[in-house]
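Okay, so here's the structure we're looking at.
Throughout, read-outs are computed from the coordinates displayed, never taken from laboratory work. Bear in mind the structure is a predicted one, so any value in this text is a computation, not a measurement. Cβ: placed from backbone, ideal geometry, glycine included. Neighbour counts: every protein chain shown.
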Amino acid sequence: MNNLSSVDRARIISALVEGNSINAISRMLGFSTNTITKLLVQMGDTCRAYHDEHVTGVAAKRVHCDEIWSFVGAKMANVNEEQIAQDWGDAWTWTALDADSKLVISYLVGQRGAAWAKVFMEDVASRLTSRVQLTTDGHRAYAESVEGAFGMDVDYAMLIKLYGSDTALDRRYSTGQCIGTQTAVLAGSQDPLHISTSYVERLNLTTRMHIRRFTRLTNAFSKKLENHEAAIALHFMHYNFCRVHKTLRVTPAMEAGLVHHVWTIEELVAILPTPIVKRRGPYKKRAE
């Protein structure tokens, strides 16, 4: 087995964070899919550990939370008990975003029940240093979990969107037309102008655009939960530290005061211990 150089690692990671599939990267760069997958998992584990250690003490004022759906292996309606034991089925990614710095404060991959909401909100609360104005959607699991994580030390409101039904259109992959919203203040006092989940919903779009596994109606979905979690950890690490936000003109981590410069892909790769992987030979030799 040969060492994969830092240059090659940077090339692979750069292609991954720009939304390319593993098979596409294999064709472009000439590495085996196993090599790319191993690097992705190692990078994901390292990014997750780095986030846990360094994305702390965030002095946010407004936080938006939401969940984005995907699946592993197959949709929940199509899996059997054996596949569920292998972590197949729906996979929800919970995210908490600082509305001012656009920093992803916390994320969690799991199911959409109350137990997962509790774990997620406790992690969000542990990373904040000040009282925040928190907004979530109308998912009921948030109500108890926010109270348990923050107590009374939060200004919390739900933004509930109301959708109309349109039988003339196929709504299989999209919701109906939004015909209005309702707000419910559950704790503290809220500035009505800032009861919103718009920024975290825009983050959901960014996530779908930059993680190939979230692309609908393709075979690019994750086949293993481990790989799915790794891709998400890498994406949010790149988003926070490497990707310059077009409005802020700095990275979210810079705006939040966590770092003082834009990370390059090489710096991102440098936090990873040198993995031992094998490079695939040229296509012509393989064909022979």
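For the chain, relative contact order (Cα pairs under 8 Å, six or more residues apart, normalised by length) works out to 27 percent.
Helix-only arithmetic for the chain: the sum of -39500 (n - 2.57) across DSSP H runs with n ≥ 4, divided by the residue total, places the mean residue ellipticity at 222 nm at -12000 deg cm²/dmol.
Angle of helix 198-210 to the longest C-alpha principal axis of the chain, folded into 0 to 90 degrees and rounded to 10: 10°. Taking a Cβ cut-off of under 13 Å around L40, the surrounding Lys, Arg, Asp and Glu residues balance to a net charge of +4, with basic ones at +1 and acidic ones at -1.
Taking the Cβ of W88 as the centre, find all other residues whose Cβ is under 10 Å away and add up their charges (Lys, Arg: +1; Asp, Glu: -1). So the surrounding residues net to 0.
Run the dipole for the chain about the Cα centre, Lys and Arg Cβ at +1, Asp and Glu Cβ at -1, nothing else charged, and hand back the magnitude in debye, nearest 20.
1460 debye
Helix 33-54 and the longest principal axis of the Cα set of the chain meet at an angle near 40°. Among R48, R140, R213, the order by Cβ neighbours within 10 angstrom, fewest to most, reads R140, R48, R213.
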